[in-house]
Amino acid sequence: MNTHTKIYIAGHRGMVGSAVWRALEKKGYTNLIGKTSKELDLKNQASVTAFFKTEQPEVVIDAAARVGGILANNDYPYNFLMENLQIQNNLIHHALESNVDKFIFLGSSCIYPKFAPQPLKEEYLLTDTLEPTNEWYAIAKIAGVKACEAIRKQYGKDFVSLMPTNLYGPHDNFDLKTSHVLPAMIRKFHNAKVKEDKTGVSEPVELRRDEPVELRRDEPVELRRDEPVELRRDEPVELWGSGTPMREFLHVEDLAEAVGFALQNKLSDNLYNVGTGKDITIKALAETIQQTVGHQGEIEWDSSKPDGTPRKLLDVSKLKAEGWNYQIELDEGIKRTYEWFLKHVDKFKEVKIK
């Protein structure tokens, strides 16, 4: 694949798509195509047909999807199922019809059964029932994986599916009603800290003495206030569940590098997990984010809320054997993500903190 190859990145303004765009630009690719949802409605078959006829991309990277956390999946099951089916079916079908050289389909580790053995291997797909809290999204993504596999089997085309673990990073969704666990925690801890900052001791303190004193270089002077200063405590942060489930997290820039690797190499199989091969409890994740943000209050766990899958760790040995491995450790990734959040915090809507 040369750097002049015409590559269409569906969902190029999202967290994943924008990271892929930046990564490919760094690698020297100069013929990248991106369309906003207003310019091209991927749910509309006629619009997608016209796009492929006009643009004739040589490679398609499908990073377009309706995504969200447990709450969003629970509240909008039909939208998560149908919209994702429409998007990926239109892209996959027209990529085949247009004879593209390579199609990279991006899914999610939620495609695997809820109680599958850990770590999750690609071969566990469709061996048991899914996690109910995100099955609508998962079913759509499974359909995309199988469609790409079927095309590979029937037509011999280079269609490959990458299944990343939980993603985070710049351009993530920080809306508490629709976001995933890591960005939601960043938002909650930040809001709790900032809210307290607004009411705590934040103004300059004027230090004085009751009577004028001639200050001399050789005599120490004790400076004081008439009233004691009360040190602040940050608001408590309430989090869902027990904190005991274990999750794996991958920085989106690492996923973008994995996409670049799949683009530049002909992989031997149709389905690959993309992750770190390491997991962490939600409680430990919360404490790491709390420390990064600088929040000093209590963490309150609402055990009446669902935990989701007890553990979800990917077996990443298959892609590693092909020659790819992640680079960004979780602590560093959270730090980078919070720094990005602080630079863009003004664009996020205010939310009520419980």
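Simple point charges give the picture: +1 on the Cβ of Lys and Arg, -1 on the Cβ of Asp and Glu, and for segment 1-94 a dipole about the Cα centre of about 240 debye. Among Ile142, Gly169, Asn74, flag the residue with its Cα farthest along the positive direction of the charge dipole of segment 52-173, charges on Cβ as +1 for Lys/Arg and -1 for Asp/Glu. So the residue furthest toward the plus end is Ile142. Size check on segment 41-186: the Cα extents along the three principal axes, sorted descending, read 43, 32, 27 Å. Can you compute the modelled spin-label distance between Val345 and Lys195, with each label point 7 Å from Cα toward Cβ, in nm? Calculated label separation equals 1.4 nm. Its alpha carbons give segment 59-104 an Rg and a Dmax of 12.9, 39 Å. When you filter the GluC sites (Glu not before Pro) in segment 255-354 for DSSP loop state and at most 10 other Cβ atoms inside 10 Å of their Cβ, you are left with Glu350. Histogrammed with a bin width of 5 Å, the alpha carbon distances of segment 12-114 distribute as 2, 11, 20, 25, 20, 13, 7, 3, 0 percent, first bin at zero. With each label modelled as a point 7 angstrom along the Cα→C-beta vector, the Asn325-Ala46 pair spans 5.3 nm.
If R0 is taken as 25 Å, the Cβ-Cβ distance between Gln264 and His93 corresponds to a FRET efficiency of 0.50. Charged side chains reduced to their Cβ positions (Lys and Arg at +1, Asp and Glu at -1) give the chain a dipole of some 1220 debye around its Cα centre. DSSP beta bridges fully contained in the chain are about 10 percent antiparallel.
For segment 250-345, which semi-axes, largest first and in whole Å, follow from the square roots of 5 times the eigenvalues of its Cα gyration tensor? If you can, show how the numbers build up before the last one.
Details: eigenvalues 187, 68, 21 Å².
Computed over segment 250-345, the values are 31, 18, 10 Å.
Its DSSP H runs of at least 4 residues, each contributing -39,500 (n - 2.57), put the calculated 222 nm mean residue ellipticity of the chain at -12500 deg cm²/dmol, to the nearest 500.
Sorted into 20 angstrom bins from 0, the C-alpha pair distances of the chain split as 27, 51, 15, 7, 1 percent. Cα convex hull, segment 70-128: 115 Å³ per residue, rounded to a whole number. Note on segment 17-69: Kirkwood radius taken over Cα pairs, Stokes-Einstein applied at 20 °C and 1.002 mPa s, translational D equal to 170 µm² s⁻¹. From the alpha carbon centroid of segment 273-344 to that of segment 67-83 is 22 Å. One equal scatterer on each Cα of segment 292-354, no solvent, Debye formula: the resulting log10 I(q)/I(0) at q = 0.19 Å⁻¹ is -1.12.
Between helix 252-264 and the chain, what is the angle of the helix's C-alpha long axis to the longest principal axis, kept within 0 to 90° and rounded to the nearest 10? Helix 252-264 sits at roughly 20 degrees to that axis.
Past 25 Å, Cα to Cα, is the threshold; run Lys53/Lys102; Lys153/Lys320; Lys195/Lys312; Lys146/Lys312 against it and keep the listed order.
Working: Lys53/Lys102 17 Å; Lys153/Lys320 23 Å; Lys195/Lys312 34 Å; Lys146/Lys312 21 Å.
From Lys53/Lys102; Lys153/Lys320; Lys195/Lys312; Lys146/Lys312, over 25 Å: Lys195/Lys312.
Loop-located chymotrypsin sites (Phe, Trp or Tyr not before Pro) across segment 71-118 with a Cβ neighbour count of 14 or fewer within 10 Å are Phe115, with loop assigned by DSSP.
What FRET efficiency, computed as 1/(1 + (r/R0)^6) with R0 = 51 Å and r the Cβ-Cβ distance, is obtained for Glu298 and Tyr78, rounded to the nearest 0.05? Don't skip to the end; give the middle numbers.
Details: r = 38 Å, r/R0 = 0.75.
Efficiency for this residue pair is about 0.85.
Rule-based calculations on the coordinates, nothing more; no lab input. What you see is a predicted model; the values in this text were computed from it and never measured. Neighbour counts are summed over all protein chains in view; Cβ atoms, including those assigned to glycine, are modelled from backbone coordinates with ideal geometry.
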